[in-house]
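Values quoted throughout were computed directly from the atomic coordinates according to the rules given, and no laboratory measurement underlies them. Since we're looking at a predicted model, the values are computed, not measured. Every residue, glycine among them, receives a Cβ derived from its backbone with ideal geometry; neighbour counts consider all protein chains shown.
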Protein chains: 2
Amino acid sequence: MAKPRQARLTAEEVGLLPELDDESPTLWSNQLHDVARGLLTSAVRCFASNGFHGTTTRDIASVVGLSPAAMYVYFPSKERVLFEVIRTGHERVLEHIREPEVEQIESSADRLAEVVARYTSWHARHHVIARVCQYDLAALSVEHYQEILDLRHQTNVVFRSAVQHGCDDGSFTDVDVNRIARAMLSLGIDLVRWYRRDGADTPDELGCFNAELALKLVT
Amino acid sequence: MAKPRQARLTAEEVGLLPELDDESPTLWSNQLHDVARGLLTSAVRCFASNGFHGTTTRDIASVVGLSPAAMYVYFPSKERVLFEVIRTGHERVLEHIREPEVEQIESSADRLAEVVARYTSWHARHHVIARVCQYDLAALSVEHYQEILDLRHQTNVVFRSAVQHGCDDGSFTDVDVNRIARAMLSLGIDLVRWYRRDGADTPDELGCFNAELALKLVT
């Protein structure tokens, strides 16, 4: 859970906070310049810590030793940085639950368990960027928001299909597919609120646990 | 889910946003002056919309037609307003799930279902203050944070006891009580992220649905 810190953190403090260390920096496209990737990593920490409206371009730039003006060489606005962060997070988790080896699992129960486990452990491993992906959506432009909604819809479809598949082949009991899928997504997403790397559960343990819960909800 | 609005909202816009209408204004103590209650209601909307660090005392005061200086007559700081909001939210939901009529339910399953249903529907009815209670914790002072932690601990205890009771009397299967209780809390809390009064589910419908899910997790 969040530690109290009361005052808005300075960019330097944000750069040092151990609870903001996660695997988010591994997610950026290799096609981006090193500096752009550094700015995105810095932005994730700033947004997760102080919120989009509590973060300035100066904060984001100064963590990597740049002036605000230098940031604009890479991103035309703070909103554009946020969009790049949120888009990347949504695309990566969607890729992760849609990998061919998941889709090829024949047993409906095993496939649903794998989807839930992957979704959950991804959110634990990348809990800092995942928090920004969930909490700062409203700060996106209308256009960018629509793009993200589409990615979220595709993510929902993976969950709904995994549940529906088991209902259709008789592996699962007859359930309200949309609401059950939403509950499974909730179990994965809610951990971005409290997950800490130094806590009791590893990402994979949490993934297994939520996968077991998911199966209980449908059988 | 949050609608996009990109720019930080002005206090006037925050005052008009229909998605910020919920039953939070009914929660404040009658012992508080009308103006203080108005300030708290305004603060909930501002914090939920722009975050604690994106909100100024001017914002909070101006929604009720006051100057920032006039706010200090009632609350000595913005943090103190936040604490009053977060404390009230936590106390109210704890009272609601701990009412004598819940504790007197004899059947373990019925009692757990009632706790989960109440917790969930409370979060839907008061989703705006509930969002502030979950997302802005880190902005509290260390002392205030400790008080809130204690309330959260008491809330956890209600859930854990309800689960443990059913394990002890053989109504529930042997489960990991703490983790199962955490999952049930997650299902209730996560809705503050996406709940809208104009959506498909009423608070009571969501409560019933989550209560059914909770029983599936333990039987």
Query - Cα-based reach from A:Lys78 at 14 Å (exclusive), listing aspartates and glutamates while leaving out same-chain residues under 8 positions away - result: A:Asp59, A:Asp136
Query raised in the report: By its C-alpha gyration tensor, with a ≥ b ≥ c as the square roots of the eigenvalues, how is the protein assembly as shown shaped: rounded for a/c under 1.5, else prolate for a/b larger than b/c, else oblate?
Result: oblate
Report summary line: Counted neighbours (other Cβ, 10 Å), sorted fewest up, put A:Ser121, A:Ser62, A:Ser171 in the order A:Ser171, A:Ser62, A:Ser121
Query raised in the report: What is the extension gain from A:Glu99 to A:Asp169, computed as 0.36 nm multiplied by their sequence separation minus the C-alpha to C-alpha distance, in nm to one decimal?
Result: 23.0 nm
Report summary line: Distances in nm between the label point of A:Arg87 (7 Å along Cα→Cβ) and its equivalents in the other copies, shortest first, are 4.6
Query raised in the report: Fewest first, what order do A:His90, B:His96 take by the number of other Cβ atoms within 10 Å?
Result: B:His96, A:His90
**Report entry** Relative exposure of A:Leu149, A:Leu66, judged by other C-beta atoms within 10 Å (fewest first)
**Finding:** A:Leu149, A:Leu66
Requested in this report: Just check the range A:91-219 against the gyration tensor rule for me: Cα atoms, a ≥ b ≥ c as the square roots of the eigenvalues, rounded for a/c under 1.5, and otherwise prolate or oblate depending on whether a/b exceeds b/c.
Outcome: oblate
Report summary line: proj_area_mean for the range B:1-111 (convex hull on C-alpha atoms), units nm², value 8.8 nm²
Query - Given charges at Cβ of Lys, Arg, Asp, Glu: the protein assembly as shown dipole, positive-most of B:Tyr135, B:Ala69, B:Leu187 - result: B:Ala69
Query raised in the report: With charges only on Cβ, +1 for K and R and -1 for D and E, what is the dipole size of chain B about its Cα centre, in debye, rounded to 20?
Result: 900 debye
Query raised in the report: If R0 is 22 Å, what FRET efficiency do you get for A:Asp21 and A:Arg58 from their C-beta distance, rounded to 0.05?
Result: 0.45
Query - Structure-based [θ]222 nm, chain B - -39500 (n - 2.57) summed over DSSP H runs of at least 4, per residue, nearest 500 - result: -21000 deg cm²/dmol
Query - Peptide ranges A:24-35, B:173-184, A:203-214, B:102-113 listed from the most packed, as the mean C-beta count within 10 angstrom indicates - result: A:203-214, B:173-184, B:102-113, A:24-35
Query raised in the report: If we hang a label 7 Å off Cα along the beta carbon direction at A:Val35, how far is it from the matching labels on the other copies, in nm, shortest first?
Result: 5.2
